[in-house]
1. For the range 48-96, which positions are surrounded by fewer than 17 Cβ atoms within 10 Å (Cβ to Cβ), of a type in the set (A, V, I, L, M) and at pLDDT 85 or above?
2. How about the range 127-139: which of its residues are crowded, with 20+ Cβ neighbours inside 10 Å and part of a helix (DSSP H, G or I)?
3. Is at least one residue of the range 65-86 touching an Asp or Glu at 6+ places or on another chain (Cβ under 9 Å) and closer than 21 Å to ASP145 by Cα?
4. Every residue in the range 140-183 that is assigned to a strand (DSSP E or B), modelled with pLDDT of 90 or more and either among the small types (Gly, Ala, Ser) or over 23 Å from ARG8 (Cβ atoms) (or both), please.
5. Being buried (at least 18 other Cβ atoms within 10 Å of the Cβ), closer than 19 Å to ALA171 by Cα and in contact with a strand residue (DSSP E or B) (Cβ under 9 Å, 6 or more places away or on another chain) narrows it down to one of LEU19, LEU103, so name that one.
6. Which ones in the range 78-103 are touching a Lys or Arg at 6+ places or on another chain (Cβ under 6 Å) and under 30 Å from LYS51 (Cα atoms)?
Amino acid sequence: MKYTPRLRSKYVEEIVPALTKQFNFQNRMEVPKIEKISINQGLGKAIVDKKILDAGIEELTMITGQRAVITKSKKDISNFKVRKGMPIGARVTLRGDKMYEFLDRLISVAIPRIRDFRGINDKGFDGKGNYSFGVSEQIIFPEIDLDKINSINGMNITIVTSARNDQEALALLKEFGLPFKNQNI
């Protein structure tokens with residue numbers, strides 16, 4: 001018996017019929033879906049200390065369950081003492097079952113652990129159905145051991161959908177359970 005993530009089953013059984021009814025889609029293939037989740041962590045302090053970069057990659061790998069990749073600077077910036085090709089961050093792109101598992105842990109475990117949380121801002125849509133938001137601390141994820149971290153780093157999370165506009169993407173993400181602050185867009 002093959003394992004299916006909880007949110008993938010929820011998408012097929014609950015979200016597709018709900019969005020089909022809400023937007024009057026003629027075909028279930030028209031219903032938007034999440035294509036990928038991209039997690040990016042800028043580690044500018046890694047210019048001075050290379051251990052920060054290694055720790056950031058290790059933490060991002062633990063959080064996502066997939067090996068993180070080093071991002072390098074594209075150009076020289078003298079004010080920040082950055083040269084072209086220097087490692088300055090880490091990123092991971094999740095698809096398939098790992099994407100659904102990460103989204104499930106993000107919604108049900110990590111987001112409720114944010115201090116003074118009142119909902120995610122719904123202003124992070126780009127006009128094409130993709131949603132981006134930032135997390136200020138990596139310690140909201142249960143995989144991170146508080147005793148082993150050296151510095152608190154934030155990360156940017158981008159959810160790429162196949163939605164044609166922001167209203168469809170907002171409805172899709174609400175159905176998945178993302179807790180938005182404002183209920184209008």
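The values are calculated or read from the model by the stated rules, or taken from the named source; none is laboratory data. Just so it is clear, the model here is predicted, and its values are computed rather than measured. Note: ideal-geometry Cβ built from the backbone for every residue, glycine included; neighbour counts use all protein chains shown.
1. Listed by number, the residues that qualify are MET62, VAL69.
2. Correct list: GLN138 only.
3. The answer is yes, given that some residue of the range 65-86 is touching an Asp or Glu at 6+ places or on another chain (Cβ under 9 Å) and closer than 21 Å to ASP145 by Cα.
4. Hit for the range 140-183 is ASN156, nothing else.
5. Only one candidate qualifies: LEU103.
6. Scanning the range 78-103 gives LYS84, GLY85, PRO87, THR93, ARG95.
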